[in-house]
Structure formats: C-alpha cells, structure tokens
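Every number in this text was worked out from the coordinates using simple rules, so none of it is lab data. In this text, all values refer to a predicted model and were calculated from it rather than measured experimentally. Reconstructed Cβ throughout: ideal geometry from the backbone, glycine too, with neighbour counts over all protein chains shown.
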Amino acid sequence: MKGRRTERYAVFATLVAAGLLTWWSTLPNWAEADERSVRIHELNRKVGALAQAQLALEAETSRLAAARSRQDSECRSVPQTADVAGLMQALALEVDGAVVRDQTFTVMDRPKPEADRFQVLPVQIEVDADFASVWSVIERAEGLPRLLRISGLEISMIDRKQLVPGASQPLHATVSLDVVYAPPGSEEVAP
C-alpha cells in the first residue's frame with residue numbers, strides 16, 4: 001500500500017506540477033490575449049467611428065457642393081480686376097443717332113477700399129436716348145454675373161420744347177455705378 005500511496009502522491013505531484021507549468025506558461029499569453037482583445041475592441045470602435053466619419057464627410061461634401069452651386073446661381077462673382085473695358089463692352093448701346101444719340105463712360109475717381117477686402121471703382125454712364133434704351137442699360141448691368149452697385153440715376157428730358165404726344169422723347173440719363181472687385185492679396189477671392 002505504501003507503493004500505491006507513493007504512486008498517488010507522485011501522480012498528484014505530477015498533475016500539480018503540470019498544472020503549475022501550464023498556468024505559468026499560459027499566464028503571459030492569457031494577459032497578452034486580454035490586452036489584444038481590448039485593442040481589438042478599441043480598433044473595431046475606431047473603424048466604426050471612421051465609417052461614421054466617412055458618411056458624415058460624404059454628407060458634408062454634398063452639402064458644400066449644393067451650397068457652392070446655390071452661391072454660383074444666386075450670388076455675383078467678385079473679379080480680381082475692375083475690367084472697365086469689358087464692362088463698357090457689355091453695357092454699350094448701338095449709337096444710331098435717332099433712338100440712341102450718344103453714350104459715354106467715365107471713370108470718376110480712383111478705386112477706394114471698402115470693407116478691407118474689396119475695391120470700388122466709381123464709373124458713370126451718360127446716355128442720350130429714349131427711356132427703353134436707358135432702361136436696357138440698367139437691365140444689362142443687373143444681368144451681369146459680376147458684382148456691380150447702381151449708386152445713382154438721374155434722368156432729364158433733352159428737348160422739352162419739341163414734345164410730340166405719343167412719341168418716344170429723348171432723355172439724358174446719368175447712371176452711376178460702383179464696380180466692385182477684389183485685387184490679389186485681399187481676403188476675398190472670386191469664385
């Protein structure tokens with residue numbers, strides 16, 4: 001019996017030693033597995049957040065594109081130069097001597113700063129023509145894609161003595177414009 005008891009102690013000691021050896025060799029791996037499990041959960045959370053961020057970015061990108069499209073359709077551009085020559089070409093009427101007698105463009109003063117971002121160049125257009133022609137100059141200015149401000153309008157009759165009832169009367173009109181532009185180096189940039 002003593003031999004069996006010794007065998008039992010030997011088997012028990014072997015099992016305890018095997019258990020301790022297994023525990024001792026797996027404990028670092030178990031701790032590393034716990035660390036990696038936590039890291040995996042953290043990375044999965046970040047990947048989920050990244051997917052949400054990507055969806056949010058796509059939504060904001062489409063909102064920005066819609067806002068830019070709306071800006072382009074509803075707002076006037078502010079060019080980097082005054083381009084008075086292009087403005088004159090766009091607003092010029094055909095002088096025929098009958099309906100449109102004369103038209104002149106005058107740059108009134110030097111550009112002056114406005115709102116620390118823009119320059120404003122005052123331009124005056126004088127037209128001797130009928131009312132429809134004067135009105136067409138104003139409509140053309142309104143239809144330009146660039147930012148202009150009509151700052152004044154004076155209309156007077158030319159020949160008060162030769163009024164013909166029902167006929168188009170010649171008028172002298174002075175249209176004052178402020179040509180707005182943002183020179184290079186200013187904060188505002190043309191779209």
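Could you list 148, 21 so that the one with the fewest beta carbons within 10 Å of its beta carbon is first and the one with the most is last?
Working: 148 16, 21 10.
Placing the least packed residue first, the sequence is 21, 148.
Treating the angle as unsigned and between 0 and 90°, give the value, to the nearest 10°, between the Cα long axis of helix 131-143 and the longest Cα principal axis of the chain.
20 degrees
To the nearest 20 debye, what is the magnitude of the charge dipole of the chain about its Cα centre, counting +1 on the Cβ of each Lys and Arg and -1 on the Cβ of each Asp and Glu? Write down the numbers at each step before the final one.
Details: 21 positive and 26 negative charges, 433 e Å.
Around 2080 debye, computed over the chain.
If you plug each phi of the range 30-42 into the Karplus form 6.51 cos²θ - 1.76 cosθ + 1.60 with θ = phi - 60°, what whole-Hz ³J(HN,Hα) values come out, in order, with x for Gly and Pro?
5, 5, 5, 5, 5, 4, 5, 5, 4, 4, 4, 4, 5
Would you compute, from DSSP H runs of 4+ residues alone, the mean residue ellipticity of the chain at 222 nm, taking -39500 (n - 2.57) per run and dividing by the full residue count, rounded to the nearest 500? Provide the component values of the computation, followed by the final result.
Working: 3 runs with 94 residues, N = 191.
Only helices count here, giving -18000 deg cm²/dmol.
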